[in-house]
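Trainee: My questions all concern the structure below.
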Amino acid sequence: TAGSNDTTNQCNLILTTGGTGFAKRDVTPEATLSVLDRECQSLMSWCTTHCASIGTPPQPLASLSRGVAGICGNTFIVNLPGNPAGAAQVTSVLLPLLVHAVQDLESS
């Protein structure tokens, strides 16, 4: 499986940026899905909802991001938007959750 890849087992978190939009060149989610052992769909759905409607300021364009998240071996992988402001907002929302997810993976 993808999780047996020695390279991914050397780190506990991978954050990618960009490639999550609608252009033909935006293939980061598909590439990420191809290596995941387990997808965490609700994480990115929650993050998108938060950033689009609750964030400060609200960013309705966050709803257009196709980023995915999931686990490959003992590594948690998350796709962030390519826009620096969007990536910063998503990261601030995700950070507490990512700490918990990585701790869960390390304890298993």
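The values are calculated or read from the model by the stated rules, or taken from the named source; none is laboratory data. Since the model is a prediction, treat every value here as computed from it, not as a measurement. Cβ coordinates were reconstructed from backbone atoms using ideal geometry, including for glycine residues, and neighbour counts include every protein chain displayed. Ligands, DNA and RNA are stripped out before the accessible areas are found, and what is left, the full protein with its side chains, is counted by its heavy atoms. Shrake-Rupley method; radii C 1.70, N 1.55, O 1.52, S 1.80 Å.
Trainee: So for segment 81-103 (the condition being part of a strand (DSSP E or B) and over 10 Å from the mean Cα position of the chain (by Cα)), does at least one residue qualify?
Mentor: no
Trainee: To continue, here is another question. Quick one: in segment 1-19, of everything that is open to solvent by less than 40 Å² (accessible area, probe 1.4 Å) and at pLDDT 95 or above, which residue is nearest to I71 (Cα to Cα)?
Mentor: T16
Trainee: So, one more: Based on this model, can you work out whether I77 counts as of a type in the set (V, I, T) and open to solvent by less than 70 Å² (accessible area, probe 1.4 Å)?
Mentor: Spelling it out, I77 is indeed of a type in the set (V, I, T) and open to solvent by less than 70 Å² (accessible area, probe 1.4 Å).
Trainee: OK, next. Restricting to segment 65-74, count the residues that are of a type in the set (S, T, N, Q) and either surrounded by fewer than 22 Cβ atoms within 10 Å (Cβ to Cβ) or in a strand (DSSP E or B) (or both).
Mentor: Counting residues in segment 65-74 that are of a type in the set (S, T, N, Q) and either surrounded by fewer than 22 Cβ atoms within 10 Å (Cβ to Cβ) or in a strand (DSSP E or B) (or both) gives 1.
Trainee: Looking at segment 22-41 only, could you name the residues that are at pLDDT 95 or above, part of a helix (DSSP H, G or I) and open to solvent by 70 Å² or more (accessible area, probe 1.4 Å)?
Mentor: E30, L33, S34
Trainee: Are there any pairs, at least 6 apart or on different chains, whose C-beta atoms fall under 6 Å, with the first in segment 19-40 and among the polar types (S, T, N, Q) and the second assigned to a strand (DSSP E or B), and if so, which?
Mentor: If the second residue must be assigned to a strand (DSSP E or B), the pairs left are T20/N79; T28/T16; T28/N79; T32/I77; T32/N79.
Trainee: Determine the pairs where a residue that is within 20 Å of P29 (Cβ to Cβ), located within segment 45-60, has a partner that is aromatic (F, W, Y) with Cβ atoms under 7 Å apart, the partner being 6 or more residues away or on another chain.
Mentor: The qualifying pairs do not exist here.
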